[in-house]
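Shown next, in structure tokens, is the structure this report addresses.
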Amino acid sequence: MAPPAEKKQKTEETKEEVKVVEDAEMKDAEEKPAAEKPKVVEPPKELETDAAPVAGAKNKDDVTFLTPDTTLNVLPSANGSVLMSLNEGGIQHLMAGARASVGVSKGRYMFEVKVLECVNVADPVAQGNNNNRMSKNLVRVGFSTAGSSLILGATADSICFDSDGAIFHDKKRTVGGQRFGRDNVMAVLLNLDEKSENANTVSLFKDGKRVSQPQALPEGLKGKTLFPHIGFKNASVHVNFGPTPLAPLPFTCHMVQDAAKAHVKVTAYAAPADGKYDVAFPVSLPDEGTFAWLDMFLEKNPTYTELSDRMIMDWAQKSGVWKNRGYENKSCNDKPEGNFQVKELDDGSIRKALFSIAPLQSRNYIVMEVRGNLMKDTRKELLSKFEMPGFKKTALVVVGEPTADFKKKTAEYTLKAKQEASDRAFKVKKMEEKRQKMVAKQAKEAEKKKNKLEKERAKKLAEAKKKMEAEKKKKEAAAAKKEGEEEEQKDEEEEKKEEPEPMEVEEEDEEEETVDLLSIDVFGVENILDVGAKTPLFKEFGHEDWTLMSLKFELHILAHAFRKDVNDSERPGIPLDHLPFYYQKYFHKNLTTKEYGVESVADIIKLVSDAVYITPQNVLDSQLSEEMETFAVFATLTEEARRFRLLRIDLGEEDAKLKIIVTQAPKSTSPQTRGLWGKGAQKGAAKGSWDRAPQQPPQAAWGSKGGQSGKGFAAKGPQTPKPPAAPALQKPGAVAARPPAAVSTTPPAVRPTKPAAKGVVKGKGVVKGAGIIKSAGIVKGAGAVVAPAAAKGAAKGAAKGAAAAAPTKSAWPTPTSSYGKAPQTTKGATKGSQPYGKPAGKGKGGKDAGKGSWGSVAGGKAWGGKGGKW
């Protein structure tokens, strides 16, 4: 620990005083870590106290579950304390719900639920991206008002804790509990005691211990009678209303069964007078407000249970079942389109299952089938399902002049629909404004970071330049010492060399105009194909840049196409988890994270965040407008990202390096391949045909500028003791393989090529940039590659031996060899039996074969210089 500032200033003190101060500081440093240990956070103090004895009479009615207050898929046990749900026919995807018959209006009471079983029901025929391939186990415990929805937490009339550790109210989930599952005993405590510090709250306890702080009741539930309510799916539960708890709490608390009579309200349903329950069949005309009438009927008759396709759709929505294109887009109420991408829900299996269960339960039904109730055969089929003696069938004719209350209800529906549409439009507008602000903020932050990195890079470059200049001066000083020796040696070598014969002088190529891409503002470029000197903006693109530019374009198109295809304000984009599915559907190829060298789809989006991004709702959206005059912006964005990436790499940021996998060798001008076929490859292989050459003594090989230099592969070419086989013609920019270490000295024939685009030029070899030697070694129209003059300083003995004899026909590959057809007779060939030219020493190019030979050729045979003549 450093000493305090005031102690540092006392430099004139004696050594003894300084030692005393340092000892005191060391002692403080040893004591301080012990004092800075983090304090253990104590749990909040329990404000609930032991309950006083119940004053007055107690409730004598049994707390149970009545049939009208349970969903059709609930199977209660004989005593009603154990509840199970059906798990076949598609019903396993729907929540089951049961509301108790006794509600609490005052005081503090609790009830318990124990999870007995969790059933895993797989759906082997689920299709597409539906999340219901494996029906999830779910249990909810809480309270609701009388007559509210039996799906707990789906409306504003209920509140509950679920097994995922969240509080659920009015379709909204908030964190506030703890996960629970099989064999756990969950106690839900409702405190309506106005004298308590936790008045109007609900709490959750797990196995007798508090796992949730008191949660305030929503304003809509305060002052109302609240009934214990259970919701579950693919599970079996045991419900205990008391009077004795299964897992006692840290304090004593009365249970609902032991509540005071003045604090509870009991629900009761009168049995039918004749002992038969009613099954009503409304008869009405289509598009005449039939379902509006049905809603009014159910409000006035809450004991009736609706049986219709609309009821199934509403049940699935409240159960959280995913539906393609959402629940708002439906063609009609009578036969709404399913499209759940779950076979049992889409093919009507669940409807058959519900009509099989309904006759087994004692309750009143209203069967709403607008078309079916008008058709004799369908109506007869529906009536046959309720032939049991406990039911009576009634027809309700809904035709004629509507009543005043019906007209009022219809007006309310119309106003509500308009208000919902207006709310959705306002919500979409706010989301768009928020997105624009976020994009502007991101751009501003990126600009700041870029400026900072550029400053750091400029500083490092200046330091590197200074260091290079110092090293350069050292090298120049060292090279000056050897310069004299090298000049003397060079003079001696020049004296020994024979003066070369006059060779054809080729016109020097004009120096190409160049442009500095880094100095160009990418966003100010008008034509990306020519930013100057006929240079495209994407000249320096590597395979990773082409890959990312394609991905930007595809995701941009996908985001806008999906929004237009869906045409649903509730679904503004593709959820991140569904992106690979829709990418494959639209582009017929997979979006694989490994190909981009990342771990998740979100990391892929980060690679192209200048074109697309993930919204706070976790959906894909584009940074660019749907309508653009040109798509050149994708090349502009990619070039800007490439520069920024290289800047970060220069600064030492390892995470800036891309790890994109190359699935196919791209045609690229990336710096990674530019060294293989550089500027020299455009003017002849001798100037840059190979990237790096083994450093060997200069021998006869391909020369520079038509093979005249005789110093091996000039410039950047490899220097080998024996010449490589004549390479096949390649396209500009292709990467050539390295030549073998030792090959035959007899140059092979090459399959004739058409002298069309980038083919053979008269007597000039191959077109510039093709990567093959630019020399006078190819005869007009012959199509066969003839070796150029090389080895300027070849031995004179090899030249004399070459003049003595030319190679025979058998020395060449046959027409069936791997090189294709044998070379044809050229203009410089003899008219007789010599198929490949005149004997050496008589042709213009064979005057001295040693000046155009391959070097040390066995037997004195040499390959001539001009026009393939010997």
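The values are calculated or read from the model by the stated rules, or taken from the named source; none is laboratory data. All values derive from a computational prediction rather than experimental measurement. We place every Cβ from the backbone using ideal geometry, glycine too, and count neighbours over all the protein chains shown. Accessible surface areas use protein heavy atoms only, side chains included; no ligands, DNA or RNA. Shrake-Rupley method; radii C 1.70, N 1.55, O 1.52, S 1.80 Å.
Cβ separations smaller than 7 Å between residues 6+ apart or across chains give the following pairs from the stretch 171-182 residues that are under 22 Å from Val237 (Cα atoms) to residues that are assigned to a loop (DSSP other than H, G, I, E, B) and of a type in the set (Val, Ile, Thr): Gly177/Val211; Gln178/Val211. Met110 - would you say it is open to solvent by less than 40 Å² (accessible area, probe 1.4 Å), assigned to a strand (DSSP E or B) and either under 19 Å from Val256 (Cβ atoms) or modelled with pLDDT of 90 or more (or both)? Here the answer is yes, as Met110 does meet what is asked. Restricting to the stretch 275-318, name every residue that is closer than 19 Å to Phe355 by Cβ and polar (S, T, N, Q). Passing the criteria: Thr305, Ser308. Every condition in (1) small (Gly, Ala, Ser); (2) buried (at least 19 other Cβ atoms within 10 Å of the Cβ); (3) at positive phi holds for Gly597 except the one numbered (2). Please work out if Phe241 is touching a Lys or Arg at 6+ places or on another chain (Cβ under 7 Å), farther than 19 Å from Thr174 by Cα and surrounded by 22 or more Cβ atoms within 10 Å (Cβ to Cβ). No; evaluated as a whole, the condition is false for this residue.
When Phe631, Phe541 are checked against the criterion of being surrounded by 21 or more Cβ atoms within 10 Å (Cβ to Cβ), among the aromatic types (Phe, Trp, Tyr) and touching a residue at least 40 places away in the same chain (Cβ under 8 Å), a single residue qualifies: Phe541. Being more than 19 Å from Phe297 (Cα to Cα), among the hydroxyl-bearing types (Ser, Thr, Tyr) and modelled with pLDDT of 90 or more, is that true of even one residue in the stretch 412-423? Yes; the residues of the stretch 412-423 include at least one that is more than 19 Å from Phe297 (Cα to Cα), among the hydroxyl-bearing types (Ser, Thr, Tyr) and modelled with pLDDT of 90 or more. Look at the stretch 548-568: where a residue is assigned to a helix (DSSP H, G or I) and a partner is surrounded by fewer than 17 Cβ atoms within 10 Å (Cβ to Cβ) and not charged (D, E, K, R), sitting 6+ places away or on another chain with Cβ atoms under 7 Å, you get Phe553/Phe631; Glu554/Phe587; Leu558/Tyr586; Ala561/Tyr586. For Phe227, indicate whether it is open to solvent by less than 20 Å² (accessible area, probe 1.4 Å), within 30 Å of Phe297 (Cα to Cα) and not in a loop (DSSP other than H, G, I, E, B). Yes; evaluated as a whole, the condition is true for this residue.
The residues listed here are Phe241, Phe281, Phe232; of these, the one that is aromatic (Phe, Trp, Tyr) and within 30 Å of Thr378 (Cβ to Cβ) is Phe281.
Of the residues making up the stretch 247-257, one or more are in a helix (DSSP H, G or I) and closer than 15 Å to Ser105 by Cα. Within the stretch 358-386, restricting attention to residues that are open to solvent by 20 Å² or more (accessible area, probe 1.4 Å) and touching a helix residue (DSSP H, G or I) at 6+ places or on another chain (Cβ under 8 Å), the residue that is farthest from Val74 (Cα to Cα) is Arg371. Look at the stretch 643-657: where a residue is β-branched (Val, Ile, Thr) and a partner is assigned to a loop (DSSP other than H, G, I, E, B), sitting 6+ places away or on another chain with Cβ atoms under 8 Å, you get Ile649/Lys657. Close Cβ contacts (under 7 Å, 6 or more residues apart or on different chains) running from residues in the stretch 41-69 that are farther than 30 Å from Gln361 by Cβ and at pLDDT below 90 to residues that are polar (S, T, N, Q) and open to solvent by 70 Å² or more (accessible area, probe 1.4 Å) comprise Pro44/Gln213. When Lys475, Lys534 are screened for being modelled with pLDDT of 80 or more, at positive phi and of a type in the set (Lys, Arg), only Lys534 passes. Residues in the stretch 186-196 include at least one that is within 22 Å of Leu150 (Cα to Cα), within 52 Å of the chain's Cα centre (by Cα) and either assigned to a loop (DSSP other than H, G, I, E, B) or of a type in the set (Val, Ile, Thr) (or both). Residues in the stretch 554-572 that are crowded, with 18+ Cβ neighbours inside 10 Å and more than 19 Å from Asn339 (Cβ to Cβ) were compared, and the one that is modelled with the lowest pLDDT is Pro572.
A search for C-beta distances below 8 Å between a residue of the stretch 326-351 that is over 12 Å from Ala316 (Cβ atoms) and any residue that is open to solvent by 20 Å² or more (accessible area, probe 1.4 Å) and among the hydroxyl-bearing types (Ser, Thr, Tyr), counting only pairs 6+ apart in sequence or on different chains, returns Glu337/Ser331; Lys343/Ser349. Filtered by the rule that a residue be hydrophobic (A, V, I, L, M, F, W, C) and open to solvent by less than 90 Å² (accessible area, probe 1.4 Å), the stretch 428-476 gives Val428, Met431, Met438, Val439, Ala440, Ala443, Ala446, Leu453, Ala458, Ala462, Ala464, Ala470. Looking at (1) outside any loop (DSSP other than H, G, I, E, B); (2) closer than 25 Å to Met431 by Cα; (3) among the charged types (D, E, K, R), can you tell me which one Glu595 breaks? The one condition Glu595 does not meet is (2).
Checking the stretch 357-369 against the condition returns no match, with no residue being farther than 30 Å from Ser625 by Cα, modelled with pLDDT under 90 and either of a type in the set (D, E, K, R) or part of a helix (DSSP H, G or I) (or both).
The listed residues are Ala316, Ala260, and the only one of them that is open to solvent by less than 20 Å² (accessible area, probe 1.4 Å), touching a residue at least 40 places away in the same chain (Cβ under 8 Å) and in contact with a helix residue (DSSP H, G or I) (Cβ under 8 Å, 6 or more places away or on another chain) turns out to be Ala316.
With respect to the conditions (1) open to solvent by less than 30 Å² (accessible area, probe 1.4 Å); (2) out of contact with any strand residue (DSSP E or B) (no Cβ under 8 Å at 6 or more places or on another chain); (3) at pLDDT below 90, Asp309 falls short on a single one, namely (3). Could you go through the stretch 144-160 and let me know if any residue there is surrounded by fewer than 18 Cβ atoms within 10 Å (Cβ to Cβ) and either among the charged types (D, E, K, R) or assigned to a strand (DSSP E or B) (or both). Looking for residues that are surrounded by fewer than 18 Cβ atoms within 10 Å (Cβ to Cβ) and either among the charged types (D, E, K, R) or assigned to a strand (DSSP E or B) (or both), one finds none in the stretch 144-160, hence no.
Among the residues making up the stretch 161-185, those that are in a strand (DSSP E or B), closer than 24 Å to Met84 by Cβ and open to solvent by 30 Å² or more (accessible area, probe 1.4 Å) are Asp164, Arg179. Only residues that are without any contact (Cβ under 8 Å) to a residue 60 or more places away in the chain and among the hydrophobic types (A, V, I, L, M, F, W, C) were counted in the stretch 352-374, giving 2.
Quick check: anything in the stretch 325-337 open to solvent by 20 Å² or more (accessible area, probe 1.4 Å), aromatic (Phe, Trp, Tyr), closer than 28 Å to Arg173 by Cβ and in a loop (DSSP other than H, G, I, E, B)? For the stretch 325-337, residues open to solvent by 20 Å² or more (accessible area, probe 1.4 Å), aromatic (Phe, Trp, Tyr), closer than 28 Å to Arg173 by Cβ and in a loop (DSSP other than H, G, I, E, B): present.
Note on the stretch 49-64: residues that are open to solvent by less than 30 Å² (accessible area, probe 1.4 Å) and in contact with a Gly (Cβ under 9 Å, 6 or more places away or on another chain) total 1.
Residues in the stretch 197-210: is at least one modelled with pLDDT under 90 and over 12 Å from Gly142 (Cα atoms)? Scanning the stretch 197-210, I find no residue that is modelled with pLDDT under 90 and over 12 Å from Gly142 (Cα atoms), so the answer is no.
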